[in-house]
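Take a look at the structure set out below.
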Amino acid sequence: MTHEVAALPAGGLWRDARRRLAANRGAALALAALTALVLLAVLGPLASPWGYGSLDWRHLASPPGLAHQHWFGTDRLGRDLFVRTLAGVRLSLLISLAASLVSLVIGIGWGATAGFAGGRTDEWMMRFVDVLYALPYLFVVIILTTLFAPGSILVLLVALGAVGWLTTARIVRGQTLSLKRREFIEASRSMGLAPGAILARHIVPNLLGPVLVYATLIVPQMILYESFLSFLGLGVQEPRASLGNLILVGAREMESAPWMLLVPAAFLVVLLYSLNVLGDGLRDALDPRDH
């Protein structure tokens, strides 16, 4: 027995997805928390009297408090942890979003080309992906960041993005193999449309749903990788602040100044949790089997 999927009018899939996402209480709360966190990271430092690099010699490793206006406390140098944590959230998000964008662009281009071309081209392209898959991801990133300017944000971004596209390529290839057998693709071929034009006009736009879902899942993965590398001393370096190196400094001071660890760790947990819950909600909202 076959099951027919009801056709939605143009734009109906996205309208229905927005409605389903809004009805998902967990995803809606995660989106609200993520929006509030981003706004706080951007606008929060403006409310503090302390600058990013300001040193308060009277309050070294001071606990959180309102009297001295260090709301999250200070580190060993007297720098305001509120401002530095929010700066760390901004930098971690920017690096992770940029690395995710790089990996998505490479993955979409590679997977769509392989799936649409088929035959030996598809076979060789995906064998190359399989070979890269056999390499430990983080090990490769660590080697790249160690060989090419450790601590460089650009090198870290390129290393994360250049190795993180493999799963995207596989997902996109599978979707492309399914799409290229559809009637509208055959009609485009019969009209003499070039393969590149078919990919750009028909294949890639129809991949946006699965790619959007995967993007919400790859961003927290990139944030975790960036934080881990910064924790190892291979990512963002002092005096810049990222969640990873703030947690590294906080771990060293955990016994005498626990707030230095708890504050950035709490922001990292909320950020990762919100992104993962939002990704699950988007996946459910865009799942064609539920329409």
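The values are calculated or read from the model by the stated rules, or taken from the named source; none is laboratory data. All of these numbers come straight from a predicted model, not from anything done at the bench. Don't worry about glycine lacking a Cβ; one is built from the backbone with ideal geometry, like all the others, and counts go over all protein chains shown.
Taking helices (runs of 4 or more DSSP H) that fall entirely within the range 179-273, which contain at least 1 residues that are modelled with pLDDT of 80 or more?
208-232, 243-252
Taking the condition of being surrounded by 13 or more Cβ atoms within 10 Å (Cβ to Cβ) and over 18 Å from residue 118 (Cβ atoms), how many residues in the range 147-194 meet it?
Counting residues in the range 147-194 that are surrounded by 13 or more Cβ atoms within 10 Å (Cβ to Cβ) and over 18 Å from residue 118 (Cβ atoms) gives 19.
Do we have any residue at all in the range 44-65 that's assigned to a helix (DSSP H, G or I) and at pLDDT 90 or above?
No - not one qualifying residue is present in the range 44-65.
Would you pick out the residues in the range 152-196 that are polar (S, T, N, Q) and closer than 30 Å to residue 233 by Cβ?
Matches in the range 152-196: 152, 167, 168.
Kindly indicate whether residue 75 is at pLDDT 85 or above, acidic (Asp, Glu) and surrounded by 13 or more Cβ atoms within 10 Å (Cβ to Cβ).
Against the criterion (at pLDDT 85 or above, acidic (Asp, Glu) and surrounded by 13 or more Cβ atoms within 10 Å (Cβ to Cβ)), residue 75 qualifies.
Among the residues of the range 15-24, are any among the polar types (S, T, N, Q), modelled with pLDDT under 80, in a loop (DSSP other than H, G, I, E, B) and over 24 Å from the mean Cα position of the chain (by Cα)?
no
Any residue at all in the range 248-271 that is surrounded by fewer than 20 Cβ atoms within 10 Å (Cβ to Cβ) and over 20 Å from residue 79 (Cα atoms)?
Within the range 248-271, one or more residues are surrounded by fewer than 20 Cβ atoms within 10 Å (Cβ to Cβ) and over 20 Å from residue 79 (Cα atoms).
Which residues, counting only those in the range 136-156, are in contact with a helix residue (DSSP H, G or I) (Cβ under 8 Å, 6 or more places away or on another chain) and closer than 28 Å to residue 176 by Cα?
137
So which helices (runs of 4 or more DSSP H) are wholly in the range 117-175 and hold at least 1 residues that are within 19 Å of residue 96 (Cα to Cα) and modelled with pLDDT of 80 or more?
137-147, 153-163
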